[in-house]
Amino acid sequence: MDILKQISESLQKGDHEKVAMLTSQAIEEKIPVKKILDEGLIAGMNVVGEEFKHHRIFLPSVLLAARAMYAGMDLIKPLMIRDNIPTIGKVVIGTIKGDLHDIGKNLVGIMLKGAGFEVIDLGNDVTPDRFVQAAKDEKADAVGMSALLTTTMTGMKDVIELMKSEGIYGKIKVIIGGAPVNREFAEQIGADSYAYDGMKAVEILKEYVKDK
Amino acid sequence: MTEIIKFDMNDIIPGREEVLRNQGVIPGAVLEDKIRDLLEQAIREFQSLAEPVGVMKEVSIGDFKDIYKGEGRNDEPTPVADIFPKADCMALFAVTLGQKISDKIDQHFKANNFAEGCMLDAGASAGADQAAEIMQRMYEQEIAERFDDFDAIGVVRYSPGYCGWHISAQKKLFGFLGPEKIGITLRETYLMDPLKSVSGVIIAGPKEIHQFENNYPCCENCDDQTCLERMQALKNA
């Protein structure tokens, strides 16, 4: 079987050791790094994403696949930097000020990285200033905000207002998520999108960078 | 009087179905062996790392009025604001699973062991809720003899950060309850360390005071249906 297909299939099974071994082998065989990434690792994660979307697999399986993705990425990332291979986009993510619940945000970050994005994770309890500064400094394509508390989700609007006053609103996509958040709330505060889970965030942001 | 409560680990071990449900796994779904292994590993880690402890203190309606008000940042109106003045009695509470389990979750994520980290996180969340539930039941037992017809009494807990009760109220809640005694501290942003901690008020009163229409301002953007489930459960009890 083609080695890239083997990488993809091992990744789907969550076999991180095999993915690392096969990725090393592919590098030794001088397969272009971009091809290993697109046709091996990302191809595998795409299948996992579809399976998850259709409820044929659940979050733990996705996370095992993500670990396998990272095992491969760790090997090819230095080569991507060396060869100036760009990521598909850059996203600044964080949990809003006053909120410590960052498991959902972590999962979004894992899935975005798995899809080939560069992720700048600001952690939890992030102030509007930090979101906006990081978005500007990193020249991000998007800002992703998460909240779990109904009383902190309103802080997302503060970030958007600051983005407006700093002149980056409309240039950088804003995507929000978290248990108390919904599409209507996203519209109310002026966010571009709402994602109910990490895979949806990947889908939305992939479309965005494709159209950009 | 402030009571410090040590929990029996067997009482707070999270149910396997709940741990899976917290991660979106449909009940009854057929799971691969590796997922079952992850679940069992998380349960073992929970048992070895969780250090569950709680603190509870009864509070008067008058004192709670000030605690509820917090820093003056609550929505108006809120369900809790309408409920507590009609209560017969209430107690503040806080529970924690301790720092070790949160550290382990962080370690898993840092080592890219996402599935292990997420499984343990889901288990710890379920365990912390279970500890809060036990506190509530203990309070129920404590107060039962004060009522002629305890079957007519509903005992429900509410927490800052939810249903329009602003999280900044944690400051006064902590000032009155003193959860520092059991190792819980409050950040400047009113969040608790260790992360797997739960705080709030347990309110006891006629069952009907806990029933409300979910048309408060805080309900507008809230998709969480747990209040409806809780009210229904209270009606059926």
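None of the figures in this text is laboratory data; all of them are computed from the coordinates on show. No experiment lies behind these values; they were computed from the predicted model shown. In this analysis, Cβ positions are derived from the backbone assuming ideal geometry, glycine residues included, and neighbour counts consider all displayed protein chains.
Filter the trypsin sites (Lys or Arg not before Pro) in region A:101-176 to those in DSSP coil with at most 16 other Cβ atoms within 10 Å of their Cβ, and list the result.
A:Lys139, A:Lys171
Tell me the label-point distance for the pair A:Glu29, B:Arg21, using the 7 Å Cα-to-Cβ offset, in nm and rounded to one decimal.
Result: 4.7 nm between the two label points.
Please check which bits of region B:51-94 a label hung off B:Lys181 would reach, taking the label as a point 7 Å along Cα-to-C-beta and the cut-off as backbone N under 12 Å.
Those under the cut-off are B:54-58, B:92-94.
Report the paramagnetic label zone for B:Asp82: residues of region B:132-174 whose backbone N is under 13 Å from a point 7 Å from Cα along the Cα-to-Cβ axis.
Zone members listed by number: B:164.
Just check region B:125-237 against the gyration tensor rule for me: Cα atoms, a ≥ b ≥ c as the square roots of the eigenvalues, rounded for a/c under 1.5, and otherwise prolate or oblate depending on whether a/b exceeds b/c.
Oblate, since a/c reaches 1.5 and b/c is not below a/b.
For region A:1-66, which trypsin sites (Lys or Arg not before Pro) are in a loop by DSSP, counting at most 12 other Cβ atoms within 10 Å?
A:Lys30, A:Arg56
Where the centroid of each part is defined by its Cα atoms, how far is region B:103-159 from region B:63-81 in Å?
Centre-to-centre distance over Cα atoms comes out at 23 Å.
Could you check the spin-label model distance between A:Asp2 and A:Asp83? Points 7 Å from the Cα along Cα→Cβ, value in nm.
Going from the A:Asp2 label point to the A:Asp83 one covers 1.6 nm.
Taking Cα centroids, how far is region A:1-71 from region A:109-176 in Å?
Cα centres, region A:1-71 to region A:109-176: 28 Å.
Which residues among region B:172-204 fall inside the zone where the amide N is under 15 Å from a point 7 Å beyond the Cα of B:Arg146, along Cα→Cβ?
Counting backbone N atoms under 15 Å from the label point, the list is B:201-204.
Taking every residue in A:143-153, how many Cβ atoms of other protein chains lie within 10 Å of its Cβ, on average?
Partner Cβ neighbours, averaged per residue: 4.
Partner chain Cβ atoms within 10 Å, averaged over the residues of A:55-68 - can you pull that number for me?
6
Restricting to the protein assembly as shown, what percent of DSSP beta bridges are antiparallel, rounded to 5?
60 percent
Just need the relative contact order of chain A here, percent rounded to a whole number, with Cα pairs under 8 Å and 6+ apart.
Taking the mean separation of contacting Cα pairs over the length of chain A, I get 17 percent.
For region A:1-79, which GluC sites (Glu not before Pro) pass both filters: DSSP loop (anything but H, G, I, E, B) and at most 14 other C-beta atoms within 10 Å?
Those that pass, being in a loop and sparsely packed, are A:Glu29.
With a/c under 1.5 counting as rounded, go ahead and sort chain B into rounded, prolate or oblate using the C-alpha gyration tensor (a ≥ b ≥ c being the square roots of the eigenvalues; past the cut-off, prolate if a/b is larger than b/c, else oblate).
Prolate, because a/c is 1.5 or more and a/b exceeds b/c.
Quote to one decimal, in nm, the extra length available between A:Lys212 and A:Glu187 on full extension: 0.36 nm per residue of separation minus the C-alpha distance between them.
6.9 nm is the gain from fully extending A:Lys212 to A:Glu187.
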